[in-house]
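Chemist: After the structure tokens below, expect a handful of questions from me.
The values are calculated or read from the model by the stated rules, or taken from the named source; none is laboratory data. None of these values were measured; they are calculated from a predicted model. Reconstructed Cβ throughout: ideal geometry from the backbone, glycine too, with neighbour counts over all protein chains shown. SASA here: full protein model, heavy atoms, side chains in, ligands and nucleic acids out. Shrake-Rupley method; radii C 1.70, N 1.55, O 1.52, S 1.80 Å.
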Protein chains: 4
Amino acid sequence: MTPARTKSFTTQLQVRFGDVDPAGIVYFPKIYDYLHEAFEDLWDIHVGRRYYHVLGEQQIGFPLVHSEVDFKHPMHFGERPIVKVTCFKLGRSSLGLRYKMEIDDVLCVEAEMTVVCVDLEDLKSREIPAEYRAKFQELLEPNA
Amino acid sequence: MTPARTKSFTTQLQVRFGDVDPAGIVYFPKIYDYLHEAFEDLWDIHVGRRYYHVLGEQQIGFPLVHSEVDFKHPMHFGERPIVKVTCFKLGRSSLGLRYKMEIDDVLCVEAEMTVVCVDLEDLKSREIPAEYRAKFQELLEPNA
Amino acid sequence: MTPARTKSFTTQLQVRFGDVDPAGIVYFPKIYDYLHEAFEDLWDIHVGRRYYHVLGEQQIGFPLVHSEVDFKHPMHFGERPIVKVTCFKLGRSSLGLRYKMEIDDVLCVEAEMTVVCVDLEDLKSREIPAEYRAKFQELLEPNA
Amino acid sequence: MTPARTKSFTTQLQVRFGDVDPAGIVYFPKIYDYLHEAFEDLWDIHVGRRYYHVLGEQQIGFPLVHSEVDFKHPMHFGERPIVKVTCFKLGRSSLGLRYKMEIDDVLCVEAEMTVVCVDLEDLKSREIPAEYRAKFQELLEPNA
């Protein structure tokens, strides 16, 4: 039997000149910008709805409540990391997304980011709308 | 006769690790962050009103309409530039602020930033309120 | 006779969530990040040599010495500005690049950025290498 | 008997205009910039040695290897969070620092950041120099 295969959303980043520190290595706070960029791409391309429409028209947001990040290998100016996004948790209102940043198959960063679906008006948590849930379901890891 | 002396608002910045490029020199877009920091300090300390109160409570803003910046000398990680702010133009609604960033009396950056006072509701220009005008008047250059 | 047509290098940006201020408008220092992004794209795509190779392998850089920027129209979260780059000055070592950022044919930002070719070792100005000069020549404005 | 009291290093930040998103809340990647700012302050003020001297003169660095962050309460434009830094782990070469960001005694962010002392030349881990170890020891939590 072949093992279950996890579908991922994959996108590509580029390490810009302004992202690296004097050692030529990506300045760590910039990594979190990359994670948000990948999150926006996930909405635009995989979910098929631009995140700013979700915010602006639906008045729904997904603020971060918890992050765990491992920095395994430095990334350098000019490199173009691949980011693979999968879903490690899909609750009623909470959503756990795993991001793996790779360069030439070397895992540089692995991040688990937990966001919660909220109404923007009062920032109270609410159920993830079914149309979005279905999209995140597609990225669910076998053991999730 | 002694020449007219220009009063300036003076504040100090710090070049942080994340501000410099691989050559150890401040990445130029960061300079504009410094200029906005000095602008916020100008409000907080010289005008005596926090800029976010101006925005949030008075619904008045000062968006940038024109900038001219000379980069004369590089700034490095760990340096603590002094910024001197004077006023080179004070119109009905427009305000021209000059920023000089110095390290050990070496002029590193000189910037002329022209902002316009607007109502935030419709972004239309409006007269600079008298209480603020008086504060900027104090910084007016002799030839302005 | 048809007037001379200026060839431009054109690239597209995207206004990210982290780029806008509480009014939903691009925070002005971020504009200079966009200008550097367009500059890096100009190298990668038009010149055909990645800017980080120029820096790292040739030990040549193009630091900014003067900028003039007009902010004509605000840009908002989710918009995707087009940037057109032309050359308004091409000296022995100095290079003047004009950037026009447009959204739906509305000119939002126009910038003139003057950089100087330097040896990275001593930061002294040097002649722009002929292979690069030819590429910038292609973007020269008729009146330049 | 009074319980053991943990000594902390305390510093204050300011939420700048450019740090907040359209909802007026600190954009989450910016939080990691704050953490690095507090880390630099820890060196400058508590350890008594500027971090850039450590990097530049001693050729020692402390890159991040793991982060865990809880986002408990949003922070807004104009607020001035207090950051308290303690040490939850002090190994041979690894150093675990806990950061608590508070506004009016409300805990907004809690972060555990694990860095490793390395030689900058080859990025290999090395023992934390004794003079620094003593300083981090002072911040050690009772249960660490």
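Chemist: Any residue in segment A:85-96 that is aliphatic (A, V, I, L, M) and closer than 16 Å to D:Pro29 by Cβ?
Modeler: Looking for residues that are aliphatic (A, V, I, L, M) and closer than 16 Å to D:Pro29 by Cβ, one finds none in segment A:85-96, hence no.
Chemist: So which residues in segment A:9-38 are acidic (Asp, Glu) and touching a residue at least 24 places away in the same chain (Cβ under 8 Å), if there are any at all?
Modeler: Of everything in segment A:9-38, those that are acidic (Asp, Glu) and touching a residue at least 24 places away in the same chain (Cβ under 8 Å) turn out to be A:Asp19, A:Glu37.
Chemist: Next up: Taking the condition over 15 Å from D:His36 (Cα atoms) and modelled with pLDDT under 95, does D:Pro63 pass?
Modeler: No: the conditions fail for D:Pro63.
Chemist: Let me ask something else about it. Quick one: in segment B:6-26, which of the residues that are aliphatic (A, V, I, L, M) and closer than 16 Å to B:Glu102 by Cβ is surrounded by the most Cβ atoms within 10 Å (Cβ to Cβ)?
Modeler: B:Val26
Chemist: A:Thr2 - would you say it is at pLDDT below 90, in contact with an Asp or Glu (Cβ under 9 Å, 6 or more places away or on another chain), closer than 21 Å to A:Glu138 by Cα and open to solvent by 20 Å² or more (accessible area, probe 1.4 Å)? Give the steps one after another, and end with the answer.
Modeler: Details: at pLDDT below 90: yes; in contact with an Asp or Glu (Cβ under 9 Å, 6 or more places away or on another chain): no; closer than 21 Å to A:Glu138 by Cα: yes; open to solvent by 20 Å² or more (accessible area, probe 1.4 Å): yes.
Here the answer is no, as A:Thr2 does not meet what is asked.
Chemist: For residues that are of a type in the set (Val, Ile, Thr), under 30 Å from C:His76 (Cβ atoms) and crowded, with 20+ Cβ neighbours inside 10 Å, tally how many sit in segment C:101-139.
Modeler: Qualifying residue count, segment C:101-139: 2.
Chemist: So which residues in segment C:64-103 are more than 24 Å from B:Glu110 (Cα to Cα), part of a loop (DSSP other than H, G, I, E, B) and either of a type in the set (Gly, Ala, Ser) or more than 14 Å from chain A (Cβ to nearest Cβ) (or both)?
Modeler: Selection gives C:His73, C:Pro74, C:Gly78, C:Pro81, C:Arg92.
Chemist: Could you check, for segment D:27-43, whether at least one of its residues is open to solvent by 30 Å² or more (accessible area, probe 1.4 Å), more than 14 Å from chain B (Cβ to nearest Cβ), touching a helix residue (DSSP H, G or I) at 6+ places or on another chain (Cβ under 8 Å) and in a helix (DSSP H, G or I)?
Modeler: Taking every residue of segment D:27-43 in turn, at least one turns out to be open to solvent by 30 Å² or more (accessible area, probe 1.4 Å), more than 14 Å from chain B (Cβ to nearest Cβ), touching a helix residue (DSSP H, G or I) at 6+ places or on another chain (Cβ under 8 Å) and in a helix (DSSP H, G or I).
Chemist: Restricting the search to segment B:43-63, which residues are within 16 Å of the chain's Cα centre (by Cα) and of a type in the set (D, E, K, R)?
Modeler: Result: B:Asp44, B:Arg49, B:Arg50.
Chemist: So which of B:Phe71, B:Phe77 is modelled with pLDDT under 95, closer than 30 Å to D:Tyr52 by Cα and either open to solvent by 20 Å² or more (accessible area, probe 1.4 Å) or not polar (S, T, N, Q) (or both)? It would help to see each step written out before you state the result.
Modeler: Working: B:Phe71 fails: modelled with pLDDT under 95.
Going through B:Phe71, B:Phe77 in turn, just one is modelled with pLDDT under 95, closer than 30 Å to D:Tyr52 by Cα and either open to solvent by 20 Å² or more (accessible area, probe 1.4 Å) or not polar (S, T, N, Q) (or both): B:Phe77.
Chemist: Of the conditions (1) more than 14 Å from chain A (Cβ to nearest Cβ); (2) modelled with pLDDT of 95 or more, C:Val115 satisfies every one except a single condition; which number is it?
Modeler: (1)
Chemist: Within segment B:46-63, count every residue that is within 12 Å of chain D (Cβ to nearest Cβ), open to solvent by 20 Å² or more (accessible area, probe 1.4 Å) and under 30 Å from C:His66 (Cα atoms).
Modeler: So the answer is 1.
Chemist: Looking at segment C:104-125, which of its residues are part of a loop (DSSP other than H, G, I, E, B) and closer than 21 Å to B:Asp21 by Cα? Explain how you work it out, then say what you get.
Modeler: Start the filter on segment C:104-125 by keeping residues that are part of a loop (DSSP other than H, G, I, E, B), which leaves C:104-105, C:117, C:120-124.
C:Cys117, C:Leu120, C:Glu121, C:Asp122, C:Leu123, C:Lys124, listed by residue number.
Chemist: Within segment B:44-63, how many residues turn out to be assigned to a helix (DSSP H, G or I) and not hydrophobic (A, V, I, L, M, F, W, C)?
Modeler: Residues in segment B:44-63 being assigned to a helix (DSSP H, G or I) and not hydrophobic (A, V, I, L, M, F, W, C): 7 in total.
Chemist: Same structure, new question: In segment A:1-22, what count of residues is obtained for those that are within 13 Å of chain C (Cβ to nearest Cβ), over 19 Å from C:Asp33 (Cβ atoms) and small (Gly, Ala, Ser)?
Modeler: Matching residues across segment A:1-22 total 0.
Chemist: Next question, about the same structure. Condition first: touching a residue at least 60 places away in the same chain (Cβ under 8 Å) and open to solvent by less than 10 Å² (accessible area, probe 1.4 Å). Now tell me which residues in segment D:80-100 satisfy that.
Modeler: D:Pro81, D:Val83, D:Val85, D:Tyr99
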